[in-house]
1. Can you tell me which residue in the range 83-92 is nearest to L57 (Cα to Cα), limited to those that are crowded, with 20+ Cβ neighbours inside 10 Å and not small (G, A, S)?
2. Read through the list (1) under 14 Å from the mean Cα position of the chain (by Cα); (2) without any contact (Cβ under 8 Å) to a residue 40 or more places away in the chain; (3) open to solvent by 30 Å² or more (accessible area, probe 1.4 Å), then give the number of the only condition that G148 fails.
3. Given the conditions (1) open to solvent by 60 Å² or more (accessible area, probe 1.4 Å); (2) within 16 Å of ligand 2 (Cβ to nearest atom); (3) of a type outside the set (V, I, T); (4) more than 25 Å from L30 (Cβ to Cβ), which single one is not true for G153?
4. Which members of the range 140-178 meet the condition of being among the basic types (K, R) and within 16 Å of ligand 1 (Cβ to nearest atom)?
5. Taking only the range 231-257 into account, find how many residues are surrounded by fewer than 23 Cβ atoms within 10 Å (Cβ to Cβ) and in a helix (DSSP H, G or I).
6. Give me the residue from the range 31-57 that is assigned to a strand (DSSP E or B) and open to solvent by less than 10 Å² (accessible area, probe 1.4 Å) and, out of that set, nearest to ligand 1 (Cβ to nearest atom).
7. Scan the range 1-26 residue by residue and report those that are modelled with pLDDT of 95 or more and either farther than 20 Å from F137 by Cα or in a loop (DSSP other than H, G, I, E, B) (or both).
8. Do we find a residue being buried (at least 18 other Cβ atoms within 10 Å of the Cβ), within 16 Å of ligand 1 (Cβ to nearest atom) and part of a strand (DSSP E or B) anywhere in the range 64-79?
Amino acid sequence: MRPDECTNMPDNGFQVIPLRAFTDNYVWTLRNAACAAVVDPGEARPVLDYLAAEKLLLVAILATHHHQDHVGGIAEILETHAVPVYGPRGEPITTLTHPVGGGDRVAVEQLGVAFEVLDIPGHTRAHIAYYGSNMLFCGDTLFACGCGRVFEGTPQQLYASLEKLAALPDDTLVYCGHEYTLANIGFAKAVEPDNSALLEREASDARLRRDKLPTLPSTIAREKATNPFLRVMRPAVIESANKYLGKRVSDPAGVFAALRQWKNQF
Ligand code: ZN
Ligand code: FE
């Protein structure tokens with residue numbers, strides 16, 4: 001089948017499938033009955049196996065940032081699938097064919113979806129997210145009940161990036177790069193032990209993991225209710241951050257930096 005033979009009708013069975021890579025990465029695979037696009041293929045094998053088993057034609061690869069566990073499989077996939085590779089302009093990813101940045105639009109016509117590129121630096125220098133059709137692919141910036149580490153940016157940058165994501169509509173489906181949810185909830189409980197939404201989330205996500213199911217996608221609403229890194233203005237969160245620091249900080253970026261430092265050692 002050729003790319004222009006893929007259908008893009010709304011009832012064509014569009015789905016987002018999590019392919020597992022390494023121990024806890026997800027390669028999010030957007031597909032319909034005929035075509036597929038993959039986000040952050042850190043490994044080629046799960047992608048190639050899935051495409052073959054489902055008889056799907058790969059039409060695009062999207063990358064959020066340059067870490068190997070997100071882009072390490074691209075070169076091998078390209079050996080047998082000549083497709084456009086979108087990813088952040090300004091990061092060292094040699095396999096990109098379409099470098100993109102904030103405000104750019106990435107359309108995957110064969111799947112009937114289009115994304116706006118959002119700049120969300122902090123985890124890496126030029127980390128991007130793809131937002132569209134009520135979905136957000138945000139790599140290692142926003143995690144379910146947590147956020148990525150600050151490797152190349154500053155805590156202030158990562159905080160601003162998370163604020164940008166938190167401003168998206170509440171029902172946006174959040175597809176993160178890793179299955180870190182239960183560990184993140186453990187930290188979130190240390191920050192906000194009395195958050196009842198958090199305790200409910202722990203029960204339902206633990207049930208999913210017991211059945212070996214992903215806890216993703218999340219939603220922006222769920223993150224705003226339970227993710228301490230999006231709740232740095234709440235009195236309980238400020239109080240816990242101050243207790244950790246042993247001094248008084250109340251500006252949102254300062255509270256965020258304290259939480260991020262605390263989580264690194266948790
Ligand atoms: Zn990363
Ligand atoms: Fe990662």
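The values are calculated or read from the model by the stated rules, or taken from the named source; none is laboratory data. Because the structure is predicted, anything quoted here is derived from the model rather than measured. Here the Cβ is made from the backbone with ideal geometry for all residues, glycine too, and neighbour counts use every protein chain on show. When the accessible area is computed, the model is the full protein with side chains, heavy atoms only, and any ligands, DNA or RNA have been set aside. Shrake-Rupley method; radii C 1.70, N 1.55, O 1.52, S 1.80 Å.
1. Initially, the range 83-92 is screened for residues crowded, with 20+ Cβ neighbours inside 10 Å, giving 85-88, 91.
Now restrict to residues that are not small (G, A, S): 85-86, 88, 91.
Values: V85: 15, Y86: 17, P88: 24, E91: 28 Å.
For the range 83-92, the residue satisfying everything is V85.
2. The failed condition is (3).
3. Among (1) open to solvent by 60 Å² or more (accessible area, probe 1.4 Å); (2) within 16 Å of ligand 2 (Cβ to nearest atom); (3) of a type outside the set (V, I, T); (4) more than 25 Å from L30 (Cβ to Cβ), G153 violates only (1).
4. If the condition is that a residue be among the basic types (K, R) and within 16 Å of ligand 1 (Cβ to nearest atom), then R149 is the only one that fits.
5. 13
6. Step one: filter the range 31-57 for residues assigned to a strand (DSSP E or B), giving 31, 35-39, 57.
Among the residues that remain, those that are also open to solvent by less than 10 Å² (accessible area, probe 1.4 Å) are: 35-39.
Working: C35: 27, A36: 23, A37: 20, V38: 16, V39: 13 Å.
This residue is V39.
7. Looking only at the range 1-26, we keep the residues that are modelled with pLDDT of 95 or more, and these are 15-26.
The answer is F22, T23, D24.
8. no
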